Amino acid sequence: MEPAAQIADLLGRDHASLMAAMPLVMQQQVVREAGPKGKVGRISYDPEWIAAQPHATGGAEFKCLAEALYFEARGETVKGQVAVAEVILNRRDSGLYPNSVCGVVGQGAGRRHACQFSYKCDGHADVIREKAAYERVAKIAKLMLAGAPRTLTHGAMYYHNGTVHPSWARRFALTAKIGTHRFYRR
């Protein structure tokens, strides 16, 4: 085999190997792209990509966000779940709501019709029965708390299910429709 043909053959093999390894490289890129403050540079809305992320655990803030995503959006697509996480984190960071995820999610709990998140006041026990659904939202919660970009809802701080029509929705700008939810900002 001529030297040029040998080089072309080797390059072709290297290219094939690189392409086969690309999914693993993309998963690891999330960690590598963490900036100086630990921000996640990218997130994929592909369910398989989320499933390939490591098992997620964390402290109280993580648990509050994962629980809220489970009870508010477990039946949504990955995009829908990320969008709900964006609203919770946007509220936390706004100065208008409590400055913790647990504070935001628990705001109004214990007062009739005062809950910001309906699952906190619906009278049902908050029992996680769908382990696979919880595992997925937990991974999303971990990525969002690590600083994944919040680009889906364009700064939304409010949302509701499209099957209801709350009066407050008329006062705010609709920023996105994702799955069964509608997202708004002031």
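The values are calculated or read from the model by the stated rules, or taken from the named source; none is laboratory data. Please read these numbers as outputs of a predicted model, since none were measured by experiment. Please note: Cβ atoms are built from the backbone with ideal geometry, for glycine as well, and neighbour counts cover all protein chains shown. Quick note on the areas: whole protein, heavy atoms, side chains included, nothing else; ligands and nucleic acids left out. Shrake-Rupley method; radii C 1.70, N 1.55, O 1.52, S 1.80 Å.
Could you grab me the full set of residues in the range 152-169 that are exposed (fewer than 12 other Cβ atoms within 10 Å of the Cβ) and either aromatic (Phe, Trp, Tyr) or modelled with pLDDT of 95 or more (or both)?
168 - this is the single residue of the range 152-169 that is exposed (fewer than 12 other Cβ atoms within 10 Å of the Cβ) and either aromatic (Phe, Trp, Tyr) or modelled with pLDDT of 95 or more (or both).
Name every residue in the range 68-96 that is more than 14 Å from residue 43 (Cβ to Cβ) and either without any contact (Cβ under 8 Å) to a residue 12 or more places away in the chain or open to solvent by 40 Å² or more (accessible area, probe 1.4 Å) (or both), in order of residue number.
71, 74, 75, 92, 93, 94, 95, 96
Could you please find all residues in the range 129-150 being open to solvent by 30 Å² or more (accessible area, probe 1.4 Å) and either assigned to a strand (DSSP E or B) or touching a residue at least 12 places away in the same chain (Cβ under 8 Å) (or both)?
Those that are open to solvent by 30 Å² or more (accessible area, probe 1.4 Å) and either assigned to a strand (DSSP E or B) or touching a residue at least 12 places away in the same chain (Cβ under 8 Å) (or both): 130, 134, 135, 136, 142, 145, 146, 149, 150.
For the list (1) open to solvent by 50 Å² or more (accessible area, probe 1.4 Å); (2) part of a helix (DSSP H, G or I), I need the number of the one condition that residue 123 fails.
Single failed check for residue 123: (2).
Mind listing whichever residues of the range 176-186 are open to solvent by 30 Å² or more (accessible area, probe 1.4 Å) and of a type outside the set (Lys, Arg)?
Listed by number, the residues that qualify are 179, 180.
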